[in-house]
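Contents: one structure, followed by commentary.
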Amino acid sequence: MKTNTRVLIVDDKDENLYYLEALLTGHGCIVEQARHGAAALVQARKSPPDLIVSDLLMPVMDGYTLLRHWKADTRLKQVPFIVYTATYTEAEDERLALSMGADAFILKPAEPDQFMARVREVQANILSDTPAVPKFQVGDEKVLLKVYSETLIRKLEEKTLQLEETNQILKRDIAERKKVEEALRSSEAEFRLLTETMPHIVWVARADGWHVHFNQKWMDYTGLTIEESLGHGWKAPFHPDDQPNAEKLWHQATESGQPYEIEYRLRRADGTYHWMLGRALPLRDAGGTIVKWFGTCTDIDELKQAQQQIGEQARLLDQTQDAILVGDLEHRVLYWNLGAERTYGWTAAEVAGRSAGELFSPDMDQVAVAMETLRIRGEWSGELRHVNKAGAGLIVEGRWTLLRDEGGAPKSVLAVNTDVTERKKSRPTSSGRSGWRASARWPAALPMI
């Protein structure tokens, strides 16, 4: 490991901070500490470290939320992020962390040599390549929230099962009462900590649907007291138009034992309504009987507004006769309007993710020239020769625009192509004949998207 590497360690337990600082300092690192994700973000944004090692279960902001903000920050996303956890230990937990952009996932306690070997491996990967990036795509935010909620609910289930098992031990062996009571108090404290550190509203209900617990975020969000919320009081802040369906689906879930999921509007403490994604899973005992329900509520208001805006924009784009498409920098199709379907014959589903080269049979040397012009000027226009789904030749007038991300880096290409084939066919040559001849394949295609 490089001497004087600045490492930020994030953990809410003194013993973990002490161990990591001693280990990393012994290998020539300069160590900084933070006790939760929010503090880590503030420190890192002032002075980005060379590496971060973070726990997952922490108060104020947990490690998953920290990782998400880290990889979304233009300055911090290049800094390698190592997850070091003793709570989230399942394969699903690791897959979620890696899909969010973590560079390594290490379980506590790790042997010092093994831990440092993983750190050096991450640093070597960074030197030879680039840091890990989130694997979910634009539009997958809702899917990510669902996976995250399922992970958190699974941890709640595990803690509850530990409580149930502890109670059984207490009944079977009264002689171990004091020891078991201590274990029970510890598990309950961890359960409460877990619910309070989540970035979501969390609630618990009995098997019959009677709500028995809400975390503090519910009270802060809705302005209700815990007494007003228990039982069936949770219905009060639902939008009047959404309440009947929410009650109906909840009744069906408790009757059938199937997972509960619904989108609805919830009244905030300030009187405004926000869209929420509500989900709940049943906890069953060894015999398969439901003993409790664990649920989360996630604010998706911004996502709903964005989806609505995108939908309105897409409907407008579908009104034009022009073929409008968006491709990434490797020419893979990301967007394809109805005009493109009419012009080329392929549906949006058929072309999604496919290389434009497969579709249009272009001259890639010409594509390279056009892409260079696009890189320098930010736009390109010209006449293109394409092939449609049936193999017939087309002539289109293309206008390309280079799209950039928030940091100014090239992200994708917006293309607007107008079919001028018929106009070209009817244009006479000096001999009086048409200057266009149909062909299944062009001998030398011009640039395309």
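So the values come out like this:
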| item | result |
| --- | --- |
| Estimated distance in nm for a label pair at Asp208 and Ala86, the labels positioned 7 Å out from Cα along Cα-to-Cβ | 4.1 |
| Relative packing of peptides 6-19, 254-267 - highest average C-beta neighbours within 10 Å first | 6-19, 254-267 |
| Residues with amide H under 5 Å from that of Arg284, placed H, sequence gap 5 or more | Val291 |
| Segment 112-122 - phi-based ³J(HN,Hα) in whole Hz, Karplus 6.51/-1.76/1.60, Gly and Pro as x | x, 5, 5, 4, 5, 5, 5, 4, 5, 5, 4 |
| Cα-based shape type of segment 1-118, given that a ≥ b ≥ c are square roots of the gyration tensor eigenvalues and the cut on a/c is 1.5 | rounded |
| Mean Cβ neighbour count within 10 Å, used as a protection proxy, ranking 51-63, 274-286, 107-119 highest first | 51-63, 274-286, 107-119 |
| Proximal charge balance of Trp275 [Cβ under 10 Å; K/R count +1, D/E count -1] | -3 |
| Extended-chain gain in nm, criterion 0.36 nm per residue less alpha-carbon gap, Thr320 and Glu255 | 18.5 nm |
| Using θ = phi - 60° and Karplus 6.51 cos²θ - 1.76 cosθ + 1.60, couplings along segment 369-377 (whole Hz; Gly, Pro as x) | 4, 5, 5, 5, 4, 5, 5, 7, 9 |
| Highest-first arrangement of 79-86, 240-247, 387-394, 91-98, where packing means the average Cβ count within 10 Å | 79-86, 91-98, 387-394, 240-247 |
| Proximal charge balance of His200 [Cβ under 10 Å; K/R count +1, D/E count -1] | +1 |
| Residues whose placed amide H lies under 5 Å from that of Asn337, excluding near-sequence neighbours | Ile324 |
| Charge sum, other residues only, whose C-beta stays under 14 Å from Ile324's C-beta, Lys/Arg counted +1 and Asp/Glu -1 | -2 |
| Amide H contacts of Lys411 (H built 1.01 Å from N, under 5 Å, at least 5 apart or other chain) | Leu403, Arg404, Asp405 |
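Read-outs throughout are calculated quantities, based only on the coordinates presented, and are distinct from any laboratory measurement. Just so you know, these numbers come straight off a predicted model, no measurement behind them. Note that each Cβ is placed from the backbone with ideal geometry, even for glycine, and that neighbours are counted across all protein chains shown.
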